[in-house]
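Nothing in this text is a laboratory measurement; each read-out follows from the coordinates by a stated rule. Given the structure is predicted, the values throughout are model-derived calculations rather than measurements. With ideal geometry, Cβ positions are generated from the backbone for all residues, glycine too; neighbour counts draw on all protein chains shown.
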Amino acid sequence: MRAAYGFGLFPLPSYRDAVVGDWRLVRYGPAPVDGYLPGVVMEPWRWVLHQGSTPWMSTSLMEQESHAWHVHQAQGTVVAAGLGMAMYAYAASIRPEVERVVVVERSPDVIAVLGEAAGLVDWPGREKVAIVEADALGRDVAARVEAATGGREPDYLYADIWPDCGAAEAPAETAAMVRALRPRAAGWWGQELSFGLWCRKAEREPDEPALRDYFASTGIPVPVTPGYAAFCADVIAGRLPRRRWPTIARLWARLRGSPRP
């Protein structure tokens, strides 16, 4: 992946089972899974975050590949909207280019369950991390983040507050966060799929010029490189084909209740 696109996978926190309120983190055994890029792999295990019976996030290859570009972009002061399984916060905090990570999470139970499950106090970059209990789309988010960063504008904003990858509302809601927080660069989870759907509607090929035009249309300052454009094209080819037949992994995921296909 790194050789093909200029960025790759990243370290994960160590997890353990935990339950707080209706949130729980559970380990599952071997299963075939789709990646975000084309291909199916047999994963020996994965951790899944559930709210009640609804899966929200996992450590699957799909999740790791879809976060990889945003981890690569993390530098200086980083704001992450949504704690999730703390994968992004952990990976960003251990990057030497990162000085501060501010996580905005609205659920105190998510903060509590991940504090227990992901061993937050033992992270090697723990001193860089601040968690702000707030709504990333709330009116007071800018003031709350400014207090946590010491007045510094974010160098990178990563928005990941939706249960579905490439959610229809994600570009507009990320743009709202950008207007409030004024980061130098930003991105959201599943933006490659949002771009693919835009290309389909606009009858454009998913190449670098189209990618720049798409992000310019959103008002979100998303960095673009030739390697990232190639990544987008490969993700779109694998996950938004013109005719999509269910793979064995996808059928298995439905049976197992795996999160965020």
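Scanning the chain for GluC sites (Glu not before Pro) in DSSP loops with at most 13 neighbouring Cβ atoms within 10 Å leaves 1-96 as the longest stretch between them. Ranked from largest, the principal axis spans of the Cα set of the chain equal 46, 41, 33 Å. Among beta bridges from DSSP that stay inside the chain, the antiparallel ones total about 45%. The average projected area of segment 92-228, computed from the convex hull of its Cα atoms over all directions, is 9.0 nm². Here segment 10-248 is treated with +1 on each Lys and Arg Cβ and -1 on each Asp and Glu Cβ, and its dipole about the Cα centre works out to around 220 debye. The mean sequence distance of close C-alpha pairs (under 8 Å, at least 6 residues apart), as a share of the length of the chain, puts its relative contact order at 20 percent. Sites listed here are trypsin sites (Lys or Arg not before Pro) in segment 117-147 whose DSSP assignment is loop and whose Cβ has at most 14 other Cβ atoms within 10 Å: ARG139. Across segment 156-235, the mean sequence separation of Cα contacts (distance under 8 Å, 6 or more residues apart), normalised by length, yields a relative contact order of 32 percent. Net length available on complete extension from ALA143 to ARG200 is 16.7 nm, with 0.36 nm assigned per residue and the Cα-Cα distance removed.
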